[in-house]
Every structure is written in C-alpha cells, then in structure tokens.
1. Using beta carbons and a limit of 7 Å, which pairs, at least six apart or on different chains, have the first residue in region B:97-114 and touching a residue at least 24 places away in the same chain (Cβ under 8 Å) and the second one part of a helix (DSSP H, G or I) and open to solvent by 40 Å² or more (accessible area, probe 1.4 Å)?
2. Please name all residue pairs, on different chains or six or more residues apart, with Cβ atoms under 6 Å, provided the first residue is in region B:182-206 and is more than 7 Å from every other protein chain (Cβ to nearest Cβ) and the second residue is small (Gly, Ala, Ser).
3. Name the single residue, out of those in region A:31-50 being more than 13 Å from DNA strand D (Cβ to nearest atom) and either at pLDDT below 95 or within 11 Å of chain B (Cβ to nearest Cβ) (or both), that is farthest from residue B:209 (Cα to Cα).
4. Which number in (1) without any contact (Cβ under 8 Å) to a residue 24 or more places away in the chain; (2) open to solvent by 10 Å² or more (accessible area, probe 1.4 Å); (3) more than 8 Å from DNA strand D (Cβ to nearest atom) marks the one condition that residue A:56 misses?
5. Kindly indicate the residue of region A:63-86 that is under 20 Å from the mean Cα position of the chain (by Cα) and without any contact (Cβ under 8 Å) to a residue 24 or more places away in the chain and also nearest to DNA strand C (Cβ to nearest atom) among those meeting that condition.
6. Does residue B:75 satisfy being assigned to a helix (DSSP H, G or I), more than 11 Å from chain A (Cβ to nearest Cβ) and open to solvent by 20 Å² or more (accessible area, probe 1.4 Å)?
7. Looking at residue B:108 and the list (1) open to solvent by less than 40 Å² (accessible area, probe 1.4 Å); (2) within 16 Å of DNA strand D (Cβ to nearest atom), which single condition is not satisfied?
8. Just to check your reading of the model, which residue among B:162, B:123, B:130, B:167 is under 30 Å from residue A:53 (Cβ atoms), more than 13 Å from chain A (Cβ to nearest Cβ) and modelled with pLDDT of 95 or more?
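The values are calculated or read from the model by the stated rules, or taken from the named source; none is laboratory data. From a predicted model like this one, the values you see are computed outputs, not experimental measurements. We place every Cβ from the backbone using ideal geometry, glycine too, and count neighbours over all the protein chains shown. These accessible areas exclude ligands, DNA and RNA; they are computed on the full protein's heavy atoms, side chains included. Shrake-Rupley method; radii C 1.70, N 1.55, O 1.52, S 1.80 Å.
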Protein chains: 2
Amino acid sequence: MATGRTHRPATRSRGIPEATVARLPLYLRALTALSERSVPTVSSEELAAAAGVNSAKLRKDFSYLGSYGTRGVGYDVEYLVYQISRELGLTQDWPVVIVGIGNLGAALANYGGFASRGFRVAALIDADPAMAGKPVAGIPVRHTDELEKIIEDNGVSIGVIATPAGAAQQVCDRLVAAGVTSILNFAPTVLTVPDGVDVRKVDLSIELQILAFHEQRKAGEETASGDGAVPAKRAGAANQGPDGDVPAVMPA
Amino acid sequence: MATGRTHRPATRSRGIPEATVARLPLYLRALTALSERSVPTVSSEELAAAAGVNSAKLRKDFSYLGSYGTRGVGYDVEYLVYQISRELGLTQDWPVVIVGIGNLGAALANYGGFASRGFRVAALIDADPAMAGKPVAGIPVRHTDELEKIIEDNGVSIGVIATPAGAAQQVCDRLVAAGVTSILNFAPTVLTVPDGVDVRKVDLSIELQILAFHEQRKAGEETASGDGAVPAKRAGAANQGPDGDVPAVMPA
DNA sequence: TGATGTGAATGAGTTCACAGCC
DNA sequence: GGCTGTGAACTCATTCACATCA
C-alpha cells in the first residue's frame, strides 16, 4: 500500500521539507514586491519580516534550495525570484480547470493571483446547462459533459473543485480518470483519490472554527483565572502569525 | 461504572495541541454526517476513515479532550458531537463581519457552512458606496464608514477580510481597533496585528503553487528511476523543458 | 473479545548559536 | 564587521504497540 519511494539519493538532494515548500510561495510574493520596487538585494532579516517568518527559518529554508546568498551581503532579489519560481515549477505553464462556477468558482476565475504565477485557467466547467456559454471572467463556461475532452485537449493536470459537497467526489473521480493528478478542493468533504494524486483542501468553515476555539479560550482566560493547570503564560498563544497552516496534502 | 473513576477532565487539560485543534472540525463534520444518519456509535477506525486520518491519530486527538469512548465499543456519536462542539466553542453564537464584498465575499456570505456551525454573519461591509444597501445573500451591504459601529453594536470578535490586498492592512487595523480579536484573511498579504490577535490566512494562489511543486516533481520522476507503483496517466506534461527557459514568470 | 487510551519510540520542524566566508 | 549557511539542541507531531477495561 505505502509507496516506499522515499529514497531520493539521486542527483541533488531534492528532499525539500513540506513545510518549506509551503513557505516558498510566501517568500516569492515578498520578493516579487521587492523586485517591483527595484530593490537589488535583501537580507534574510528583511525578507523574513516581509514574509512574516523568522530569519533563521528563512535561511534554513533557502539552504534546502542551495546557496543562493552572499555572506555579508544578502540575497540577490531577481536571482532568488527565479530560483524559487523554478523550484515551484512556476516557470512553466500550468493549465487548470475550475469546476463549479458558483460565487466561489467565479471568485477563483477572477482571481488575478493565478495568471500572474504561471497558472492559466484553461476552462470553467459547470453542471448547470443554463450557465453554458455564459462568460465568467471573460471565459465562457462549458458544460460538465465536456470535462474529459477539455482535460485531454488542454493537457490539464491540475483541477480546482468548487462544487457543492455532494458533487465533489464524482467530479473528482472524473477529473482523475481524465488525467488530472493534482486537485485543489474547496468543497467541504473528504475526497478519496488513487495513489499518486495529490489533494489539497481549503475549507472556509474549518478556519473559522479554529479561530473560534482560540477566541473562546481568550474569553475564558479573562475570567476563569482559577485553573491551576493553566501555565498562566500565554503558551504559544496569541499570535499565530502568517503561519499556522496544516499540511493538507494527502498523498494517497 | 462501579468504579468511581469518573472522567471529567474536559475543561482541565488546556494543552490541546494546535494540530489537534485543526482536526477537530474535520471530526465534527464526519460525526455530524453520522448523526444525521442516526448512527449511534462509531469506532475510531470508522470515524478516522470518514475524516481521512489514521485511527491512532484520532484516538490520540480525542485523548486530549478526555475519555469519551467506551472500550470494546467505540464512541457515542451524539455525545462526541456535543463535546467537540463545546471544545471548539461552537455552542455559542459567533457574530462575524465580512469586509470586501466582491465575488469572494459574496461566496462567503452565501456559504452555508457558517450558519450551521454557530457563525452568524452580522454584517457585510464594502468600501464601494454603490454597493451600500444592495442585498447579498439576503443581507444588505453596509459602507465601510459604519465598520466601527457595526462591530460594537453586534459585539463582533471575528472578522473576515476579503478585500483586495492593498486595502487589507488598513481594514485589519480598523477591525482590531474596534475590538475584533480574530481575523480570517483571504487577501494575499501579510497582516501585522498586535499581540493577542489571531490571524489565519487562506491563500488561494499559494495552495496552487504547492500543488505545482508536487506536480512538477511527479513529471520529473516519470523519466527518473521508475518505481512502477504510480501508473500515472499521461498527464499533460506539455512543457518539459526544465532548463534553458528564461523566467517567463513575473514582470521583471 | 474488541475496542479505547496512552507511554514510548520515532520523525518532522523550529530555533539556537556560531563557524565560515565576503 | 556583517550576514549567510548549517550542525546541534529542542520542541512539536505522528505512529507504534500494548496495557486496560467495558
């Protein structure tokens, strides 16, 4: 069952930790902003502040990519932008399809952050025949019937599911059968996929529930100061920072 | 229950790991589905499968909440639903405001998953005067000018930011100044907040970039040492040129 | 018997602190 | 002097395996 291909002693040490991968886009964004302001170099301290992490972590992260900095100076912004882009695979074109063009699907279609990072919305797909042909974000919506053909014609390997929960697994199955190997799931349901397919999920209500947990705890601490078990100190508490992401990749 | 060993440590151990907290909503959803099908009890194995985690992890997670299961039997569904809801603070009402009513804000306003879990959309707020009064998801949009008053009047402690990146920090500052202590940020920017304020972020493009990283690696492995475990349908590995290409990403 | 609950072992990720180089 | 790069220490999370108990 378990794919034991953990061994990767091949050429370079391509063992970038998942937590690091998850932060690369963050660094990339900060670097892009610097690049636009024509800042030539940046120190780990400055860049870390811009990205909302601490500098030791950032340096460690970069060390997995290689030695791209200059001691005593810092990092060359343009060079680093290129290296991170390449590492993330953003130097190539990734056609994606978005399935389920409700409010959320439309928001995704309109989201500028995709196109500017190598992602091209190859098609919008919806099950509602009334939607077919209607343009959203300048792209005509196509009917679910065409899903397989669209995937094939465009060589799509990344699919975004923004359907209601009830339809998600079925859509997922069809995407996978048609050749999609990475799925970003916005539907509040657990998707089952075959081995070799990555799923990441974004769950709006889960995020709120996590906030509610912390919020409740804050409220409780104000009054219920009597619990001896509570170490009084704000144990890792308050500021989650820009971090706080839980690895959601299910390598199945 | 002859032994007087009554387990009631629920509100004692305030040391619930963050990773566990992040999974509680997942369990809650799976349990809610079981509850709706009137399933009385469930084993850690079954529930773990439904939530997409492994059973040892689930049992460990629950052990932080207390001993709510019965050895040899499993967990009482209704009881667990209640305990987890309480732990997450969902047994109380959480008024939230959504700021920035574009496509995404509208999607959030329409998202049913909020209301069903104790979150009440107290107000929708947008900076565009033309939006004011216009109903979205049955709730009239109000102008940013009223932000502080709305927060106060409704006792809002959780705010959702769905504005463009450029406006996010300013909106954040106003929310915090008005009394909000938890923020869910959808804008692609790092927010700076004072101590004691929680920020969680959901970044659409970051998730896609992480997928792209893994997708790229898959494509590279096909040609490398063949494990054979991954059948890998011929996904659109269109752009194979790994090197030589000039950074086609980002304005330079 | 058949499940939970949990110490112990393992692994992943973060932070420290300083050697090494510009 | 200043800043990167990285072993080592440390903290947090997952998994194992089994004692425990209905």
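1. That search, which allows pairs on different chains as well, returns B:106/A:103; B:110/A:103.
2. Every condition considered, the pairs that remain are B:183/B:159; B:186/B:162; B:187/B:165; B:187/B:168; B:189/B:165; B:189/B:168.
3. A:38
4. With respect to (1) without any contact (Cβ under 8 Å) to a residue 24 or more places away in the chain; (2) open to solvent by 10 Å² or more (accessible area, probe 1.4 Å); (3) more than 8 Å from DNA strand D (Cβ to nearest atom), residue A:56 is out only on (3).
5. So the residue we want is A:83.
6. Numbers: assigned to a helix (DSSP H, G or I): no; more than 11 Å from chain A (Cβ to nearest Cβ): yes; open to solvent by 20 Å² or more (accessible area, probe 1.4 Å): yes.
No: the conditions fail for residue B:75.
7. (2)
8. Working: B:162 fails: more than 13 Å from chain A (Cβ to nearest Cβ); B:123 fails: under 30 Å from residue A:53 (Cβ atoms); B:130 fails: under 30 Å from residue A:53 (Cβ atoms).
Testing whether each residue is under 30 Å from residue A:53 (Cβ atoms), more than 13 Å from chain A (Cβ to nearest Cβ) and modelled with pLDDT of 95 or more leaves just B:167.
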